[in-house]
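**Student:** Pasting a structure below so you can have a look.
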Amino acid sequence: MSADEDTSWGRTRQNGVVQPLLTDLYQITMAFAYWKSGKVPDRAVFDLFFRKNPFQGEFTIFAGLGECLKFLEKFQYSNSDIEYLKSTLPASVEPEFYEYLSNLTAQDVTLYAIEEGSVVFPRVPLIRVEGPLIMIQLLETTLLTLVNYASLMATNAARYRMVAGKNVSLLEFGLRRAQGPDGGLSASKYSYIGGFDGTSNVLAGKLFGIPVKGTHAHAYITSFTGVEDLKTKSLQHKHTGEAYDLLALACYYRDSIASELGALVSEASDGELAALISFAIAFPEGFMALVDTYDVKSIEASAKRQAHVASLNVKPKLLTNGHAYLANKSVLNGGRNSPIISHPTTFRNNGCLKRGELGELYVRSGLLNFCAVALALAELGYHAVGIRIDSGDLAYLSTTAREVFEKIAHKYNLPWFAKLTIVASNDINEETILSLNEQGHKIDCFGIGTHLVTCQRQPALGCVYKMVEINDQPRIKLSQDVGKVTMPGKKNAYRLYGADGHALIDLLQRSIEDPPQVGQKVLCRHPFQESKRAYVIPTRVESLYKIYWQDGKVCNPLPTLEETRNRVQVSLKTLRNDHRRNLNPTPYKVAVSDELYNFIHDLWLQNAPIGELS
């Protein structure tokens with residue numbers, strides 16, 4: 001993996017793996033056959049497009065254009081590439097062919113494309129490539145691999161963003177589940193473009209400037225067996241610099257709030273408490289804790305706890321504000337004049353606790369310990385960030401956590417405590433979020449991994465790269481499957497908007513046609529079904545193609561990652577809600593002009609064989 005800063009583009013250089021040999025062998029063998037056949041002077045036009053929107057939706061986000069342009073900029077077979085090809089291709093291949101390959105560049109290629117980050121639709125070419133036949137044939141596989149996954153990933157992320165809503169943060173946690181390091185980096189980059197707010201992938205943060213987020217794993221909690229494992233217990237006050245015993249503070253608060261949470265201190269894990277104190281000392285300004293590592297072992301213990309709490313007809317002493325306890329410095333100033341806390345606490349090891357059996361009871365240990373440590377931090381001038389839940393009934397657990405936070409905020413007059421962040425992870429997909437929405441969850445942020453980065457609902461977009469013209473002569477690919485018939489010739493694409501400001505239809509025309517005009521009636525036809533046609537009077541016409549590569553250089557400014565990310569959201573807003581919705585979306589129409597329709601069908605008849613019955 002090679003990626004260094006590139007000040008000219010304000011982004012990153014091409015991944016070192018993306019090079020001319022990142023292709024299918026048949027591209028090289030076709031290149032030789034073309035060369036051998038004397039087709040070096042031939043010029044062609046290829047369209048890169050897809051045939052069906054992914055994820056049972058009705059839109060796709062176009063991504064990967066920037067990487068395609070970097071590939072063109074760097075296209076050159078190295079000496080070692082040529083030596084490898086000589087060892088791979090048949091011995092009959094002439095030395096002059098290798099000489100030809102070694103001199104190939106993208107100097108004579110012209111590339112038109114839709115703006116990266118735009119909403120796009122089936123059959124509308126995302127990229128049109130013009131140039132020497134052999135050269136643009138050699139580009140096929142690499143352009144497809146750069147666009148296919150990038151567009152699929154950005155689309156998947158955009159769909160998550162829509163179902164989560166604008167007020168919920170989304171973090172990509174998928175590196176460990178991605179298809180290798182390149183897949184992991186691409187997932188981080190294109191999920192950010194699609195609307196995610198950050199990633200756990202540190203290298204992606206460095207290379208692309210994406211915000212990096214993370215907490216800790218269950219292993220950190222289970223690495224502590226009890227408070228005796230704490231090597232450091234003190235933390236300096238944020239404002240005064242005076243050191244205090246954070247363990248003593250946390251134990252005091254744990255005793256003070258246990259009954260408020262319907263919990264017993266004796267049921268909480270002291271190893272977990274020690275782990276959270278340790279993490280808080282390491283990150284007092286960013287204390288975000290995983291709180292579902294331990295559950296109560298048995299129903300009997302639960303029943304015993306409830307009976308005990310019910311028998312108590314008293315409440316613990318309430319502190320009127322977050323600084324009341326600091327007055328007792330004999331308890332808190334490092335324990336010089338007192339035991340750890342002002343009344344006994346029973347410490348236990350973790351032996352009677354286990355994970356996963358009763359996730360809904362996490363409040364008795366994880367949430368209790370977290371709140372105790374967060375309140376202790378508050379005494380010393382720090383604000384905790386929040387919690388992460390990684391198992392169990394996420395709607396119930398988030399609601400319970402929010403109620404606890406609000407109760408403690410009221411009890412100690414700490415308004416910010418009620419707004420602590422609740423992060424949920426654990427194999428989340430679109431359907432999970434929709435279900436949680438229906439249940440009225442209180443989650444502020446979703447951490448999503450496997451379903452996002454592997455695109456489990458549909459692992460491939462299916463972009464294709466088809467010749468539509470050679471030496472100014474149109475070419476059409478015929479098939480018994482009408483969906484695979486290509487639209488020949490060089491084409492332009494326009495998006496026509498209605499009076500409400502939303503996109504109505506995408507229109508493909510022959511490149512020699514005049515573009516549609518605002519306020520003028522345009523006949524829009526289905527490319528293959530004669531009876532499907534409609535007149536459209538657009539209030540706005542958007543030309544979709546720009547020239548991005550010509551004469552050996554990028555000729556249109558490339559957006560930054562942030563600009564592309566913003567482009568996605570702006571472009572999505574041009575669609576009606578029924579096109580964007582998750583369930584049974586309305587298909588968006590893609591049409592051809594009357595002239596292109598007739599051109600396609602005339603060429604179809606010319607090339608289709610006439611059958612004979614006998």
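**Student:** Between segment 560-614 and segment 178-216, what's the alpha-carbon centroid distance in Å?
**Tutor:** Answer, in whole Å: 31.
**Student:** For segment 524-594, compute Rh as the Kirkwood radius over C-alpha pairs and then the Stokes-Einstein diffusion coefficient at 20 °C and 1.002 mPa s; write the answer in µm²/s, rounded to an integer.
**Tutor:** Here the translational diffusion coefficient equals 136 µm²/s.
**Student:** With a 1.4 Å probe and every protein chain kept in, tell me what percent of the accessible surface of the chain is carbon plus sulfur. Show your work: numbers first, answer last.
**Tutor:** Values: 13750 of 27000 Å².
C and S atoms contribute 51 percent here.
**Student:** Okay, next question. If you look at just the Cα atoms of the chain, how large are its Rg and its Dmax in Å?
**Tutor:** 31.3, 110
**Student:** If contacts are Cα pairs under 8 angstrom and at least 6 residues apart, what is the relative contact order of the chain in percent?
**Tutor:** In percent, rounded to a whole number, it is 19.
**Student:** How much accessible area does residue 288 have with a 1.4 Å probe, in Å² rounded to the nearest 10?
**Tutor:** Near enough 20 Å² of accessible area.
**Student:** Same structure, new question: Please report, in Å, the Rg and the Dmax of segment 211-274, where both are computed over Cα atoms only.
**Tutor:** Answer for segment 211-274, Rg first and Dmax second: 14.2, 40 Å.
**Student:** Another question, then. Answer with one residue from 443, 413, 391: the one whose Cα lies farthest towards the positive end of the charge dipole of segment 386-535, charges on Cβ with Lys, Arg +1 and Asp, Glu -1.
**Tutor:** 443
**Student:** Hey, can you list the DSSP H helices of the chain whose Cα span along the axis is 24 Å or longer and whose average Kyte-Doolittle score is at least -0.5?
**Tutor:** Going by DSSP H runs, the hits are 140-164, 394-412.
**Student:** If you take the Cα Rg of segment 154-264 and divide it by 2.2 N^0.38 Å, with N the number of residues, what do you get?
**Tutor:** 1.53
**Student:** To continue, here is another question. Could you tell me the ratio Rg/Rh of segment 374-520? Both radii from Cα atoms, Rh via Kirkwood.
**Tutor:** 1.28
**Student:** Please say if segment 23-96 is rounded, prolate or oblate, where rounded means a/c under 1.5 for a ≥ b ≥ c the square roots of the C-alpha gyration tensor eigenvalues, and otherwise the choice is prolate for a/b larger than b/c and oblate otherwise?
**Tutor:** Since a/c reaches 1.5 and a/b is larger than b/c, the shape of segment 23-96 is classed as prolate.
**Student:** Continuing with this model, one more query. How big is the C-alpha Rg of segment 400-484 next to the rule-of-thumb value 2.2 N^0.38 Å, as a ratio?
**Tutor:** The reported ratio for this selection is 2.12.
**Student:** Next question, about the same structure. Enter the accessible area per residue of the chain (Å², integer; probe 1.4 Å; all protein chains in place).
**Tutor:** Per-residue value: 44 Å².
**Student:** Could you give the dipole magnitude of the chain about its Cα centre, charging the beta-carbon of Lys and Arg +1 and that of Asp and Glu -1, in debye to the nearest 20? Each step should come with its number before you reach the end.
**Tutor:** Working: 64 positive and 64 negative charges, 274 e Å.
Charge dipole of the chain: 1320 debye, to the nearest 20.
**Student:** Give me D for segment 16-56 in µm² s⁻¹, whole number, from Stokes-Einstein with Rh from the Kirkwood sum over alpha-carbon pairs, 20 °C and 1.002 mPa s.
**Tutor:** 161
**Student:** How are the Cα pair distances of segment 1-155 distributed, in percent, across 10 Å bins from 0?
**Tutor:** Over segment 1-155, the share of Cα pairs per 10 Å bin runs 10, 37, 33, 17, 3, 0 percent.
**Student:** Expressed in whole Å with the largest first, what are the equivalent ellipsoid semi-axes of segment 53-124 derived from the C-alpha gyration tensor as the square root of 5 times each eigenvalue?
**Tutor:** They are 36, 15, 11 Å, listed largest first.
**Student:** Still on this structure, please answer the following. Based on the Cα atoms of segment 383-433, what semi-axes does the equivalent ellipsoid have, where each is the square root of 5 times one gyration tensor eigenvalue, given in whole Å with the largest first?
**Tutor:** Result for segment 383-433: semi-axes of 24, 10, 8 Å.
**Student:** Would you mind calculating the relative contact order of segment 139-197 from Cα pairs under 8 angstrom and at least 6 residues apart, reporting the percent as a whole number? Let's see the in-between values first.
**Tutor:** Working: 52 pairs, mean separation 27.6, N = 59.
It comes to 47 percent, rounded to a whole number.
**Student:** Would you tally the net charge around residue 200, using a Cβ to Cβ cut-off of less than 15 Å, leaving residue 200 out, and scoring K and R as +1, D and E as -1?
**Tutor:** Its environment carries a net charge of +3.
**Student:** Calculate how large, on average over all directions, the projected area of the Cα convex hull of segment 479-614 is; give the answer in nm² to one decimal.
**Tutor:** Its average projected convex-hull area is 12.5 nm².
**Student:** Still on this structure, please answer the following. With a cut-off of at most 15 other beta carbons within 10 Å, and DSSP calling the residue loop, which trypsin sites (Lys or Arg not before Pro) in segment 164-229 qualify? Please list them.
**Tutor:** 166
**Student:** In whole percent, what relative contact order does segment 410-471 give with Cα contacts below 8 Å and a gap of six or more residues?
**Tutor:** About 33 percent, as a whole number.
**Student:** Using only alpha carbon positions, build the gyration tensor of segment 95-235, then give the equivalent ellipsoid semi-axes as the square roots of 5 times its eigenvalues, largest first, whole angstrom.
**Tutor:** On the way: eigenvalues 385, 91, 26 Å².
They are 44, 21, 11 Å, listed from largest to smallest.
The values are calculated or read from the model by the stated rules, or taken from the named source; none is laboratory data. Because the structure is a prediction, the values reported are computed rather than measured. With ideal geometry, Cβ positions are generated from the backbone for all residues, glycine too; neighbour counts draw on all protein chains shown. For accessibility, only protein heavy atoms count, side chains too; no ligands or nucleic acids. Shrake-Rupley method; radii C 1.70, N 1.55, O 1.52, S 1.80 Å.
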